[in-house]
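The values are calculated or read from the model by the stated rules, or taken from the named source; none is laboratory data. All of these numbers come straight from a predicted model, not from anything done at the bench. Here the Cβ positions follow ideal geometry from the backbone for every residue, glycine too, while neighbour counts run over all protein chains shown.
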């Protein structure tokens, strides 16, 4: 692409986040307004030989009825439709990996402390910084590594990544599970998602020649409870307090009544999470239940670090089902824990697309998890 195209627009975006600034330093365009984005897109589309296309995954009238998921849903849709070369996101409970899963993209949550979190809203405070991470959403796997390198700030952090070290694929061990042990808080895994996991495992074993074995991790059945307990521990503000910073004080019970009559400014998912903080088993962060869950997280982290080592990968679903219809997540509010649990475990995770599900005809994929900094 002609480099002049990238600079025809004389307006200079105001870079407010560390991520955008890091990408700008390596020459990436970072438009911050819709008008700037349209200006760039027109310039690219007018070039001879350039074909702009969107990847349509099902009948349009069905797609529009389905969610693209929480904060990065618009970003995921835009990247999937080739409206942007790549996208950026922050992830404290799956906000990169789930939109990647729903839109047929690659999405990576880096190990804690590698990428910057400054400048975003709401701010990540206190011990939540150990759980939050930022990273790219890309259509192509080969875009993940260079984008991540650009996002990583210090040279010391880049050295931790070891992305330039050669990897002997034959030495990789793969442990896979198709479903977390059933529990009240998590939905059953959709058949298309199970097939995606088993197909990838079979391909890695039969075609690539890797050592592949199934694994059971019973502790993961408490994935949501562990995530919630770790989020509530420490000195960071609660979710209810974070909502208060966005406006007037919120009282979850009263806010639920307001939502029922269409008067609440908050989503039912936000209200549900605020209620869970007050009446759930982790309502008191110093309770024996909360301490037990935090201890379980640390024990599971050590077990996974031992299982994976420096040459192991855990293969499992990113989310129990393909993109659900609008409103459905209200009844399945805790399914994000398939991704979110790895935030509190401090492990890097990547969502990888596999294709369209045979039954749903929607994008499905898998999640790959490794030991910290691997």
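Filter segment 191-205 down to the residues that are more than 15 Å from residue 367 (Cα to Cα) and in contact with a strand residue (DSSP E or B) (Cβ under 9 Å, 6 or more places away or on another chain) and list them by number.
Selection gives 202, 205.
When you go through 236, 283, 242 one by one, which is the residue that is modelled with pLDDT under 75, in a loop (DSSP other than H, G, I, E, B) and crowded, with 16+ Cβ neighbours inside 10 Å?
Numbers: 283 fails: crowded, with 16+ Cβ neighbours inside 10 Å; 242 fails: in a loop (DSSP other than H, G, I, E, B).
Result: 236 is the single residue among 236, 283, 242 that is modelled with pLDDT under 75, in a loop (DSSP other than H, G, I, E, B) and crowded, with 16+ Cβ neighbours inside 10 Å.
Looking at segment 170-180, which of the residues that are touching a helix residue (DSSP H, G or I) at 6+ places or on another chain (Cβ under 7 Å) and outside any loop (DSSP other than H, G, I, E, B) is farthest from residue 341 (Cα to Cα)?
174
All but one of (1) assigned to a loop (DSSP other than H, G, I, E, B); (2) modelled with pLDDT of 75 or more; (3) closer than 24 Å to residue 186 by Cα; (4) touching a helix residue (DSSP H, G or I) at 6+ places or on another chain (Cβ under 8 Å) hold for residue 216; state the number of the condition that does not hold.
Failing condition for residue 216: (4).
Please verify whether segment 337-345 includes one or more residues that are part of a loop (DSSP other than H, G, I, E, B), touching a residue at least 40 places away in the same chain (Cβ under 8 Å), out of contact with any strand residue (DSSP E or B) (no Cβ under 8 Å at 6 or more places or on another chain) and surrounded by 20 or more Cβ atoms within 10 Å (Cβ to Cβ).
Of all residues in segment 337-345, those part of a loop (DSSP other than H, G, I, E, B) come to 345.
Of the ones still in play, those that are also touching a residue at least 40 places away in the same chain (Cβ under 8 Å) are 345.
Retained after the next criterion (residues that are out of contact with any strand residue (DSSP E or B) (no Cβ under 8 Å at 6 or more places or on another chain)): 345.
Restricting the remaining residues to those that are surrounded by 20 or more Cβ atoms within 10 Å (Cβ to Cβ) gives 345.
Scanning segment 337-345 turns up at least one residue that is part of a loop (DSSP other than H, G, I, E, B), touching a residue at least 40 places away in the same chain (Cβ under 8 Å), out of contact with any strand residue (DSSP E or B) (no Cβ under 8 Å at 6 or more places or on another chain) and surrounded by 20 or more Cβ atoms within 10 Å (Cβ to Cβ).
Is it the case, given these coordinates, that residue 269 is closer than 16 Å to residue 94 by Cα, in contact (Cβ under 8 Å) with a residue 12 or more places away in the chain and surrounded by 15 or more Cβ atoms within 10 Å (Cβ to Cβ)?
On the way: closer than 16 Å to residue 94 by Cα: yes; in contact (Cβ under 8 Å) with a residue 12 or more places away in the chain: yes; surrounded by 15 or more Cβ atoms within 10 Å (Cβ to Cβ): no.
The answer is no for residue 269.
Restrict the check to segment 156-164 and report whether at least one residue is touching a helix residue (DSSP H, G or I) at 6+ places or on another chain (Cβ under 6 Å), in a loop (DSSP other than H, G, I, E, B), in contact (Cβ under 8 Å) with a residue 12 or more places away in the chain and over 21 Å from residue 303 (Cα atoms).
Here is the first cut: in segment 156-164, the ones touching a helix residue (DSSP H, G or I) at 6+ places or on another chain (Cβ under 6 Å) are 163.
Narrowing further to those that are in a loop (DSSP other than H, G, I, E, B): 163.
This time we only want the ones that are in contact (Cβ under 8 Å) with a residue 12 or more places away in the chain, so: 163.
Now narrow it down to the ones that are over 21 Å from residue 303 (Cα atoms): 163.
Yes, segment 156-164 contains at least one residue that is touching a helix residue (DSSP H, G or I) at 6+ places or on another chain (Cβ under 6 Å), in a loop (DSSP other than H, G, I, E, B), in contact (Cβ under 8 Å) with a residue 12 or more places away in the chain and over 21 Å from residue 303 (Cα atoms).
Would you be able to say whether some residue in segment 198-207 is at pLDDT 90 or above and either assigned to a loop (DSSP other than H, G, I, E, B) or in contact with a helix residue (DSSP H, G or I) (Cβ under 7 Å, 6 or more places away or on another chain) (or both)?
First pass over segment 198-207, keeping only residues at pLDDT 90 or above: 198-207.
Keeping just the survivors that are either assigned to a loop (DSSP other than H, G, I, E, B) or in contact with a helix residue (DSSP H, G or I) (Cβ under 7 Å, 6 or more places away or on another chain) (or both) gives 207.
Yes; the residues of segment 198-207 include at least one that is at pLDDT 90 or above and either assigned to a loop (DSSP other than H, G, I, E, B) or in contact with a helix residue (DSSP H, G or I) (Cβ under 7 Å, 6 or more places away or on another chain) (or both).
Going by the conditions given, is residue 145 surrounded by fewer than 19 Cβ atoms within 10 Å (Cβ to Cβ), outside any strand (DSSP E or B), within 19 Å of the chain's Cα centre (by Cα) and at negative phi? Walk me through it before giving the result.
Values: surrounded by fewer than 19 Cβ atoms within 10 Å (Cβ to Cβ): yes; outside any strand (DSSP E or B): yes; within 19 Å of the chain's Cα centre (by Cα): yes; at negative phi: yes.
In short, yes.
For segment 181-197, give me each residue that is out of contact with any helix residue (DSSP H, G or I) (no Cβ under 8 Å at 6 or more places or on another chain) and either closer than 22 Å to residue 345 by Cα or surrounded by 13 or more Cβ atoms within 10 Å (Cβ to Cβ) (or both). Outline the logic, then answer.
Here is the first cut: in segment 181-197, the ones out of contact with any helix residue (DSSP H, G or I) (no Cβ under 8 Å at 6 or more places or on another chain) are 184, 187-197.
Those that are out of contact with any helix residue (DSSP H, G or I) (no Cβ under 8 Å at 6 or more places or on another chain) and either closer than 22 Å to residue 345 by Cα or surrounded by 13 or more Cβ atoms within 10 Å (Cβ to Cβ) (or both): 184, 187, 189, 190, 191, 192, 193, 194, 195, 196, 197.
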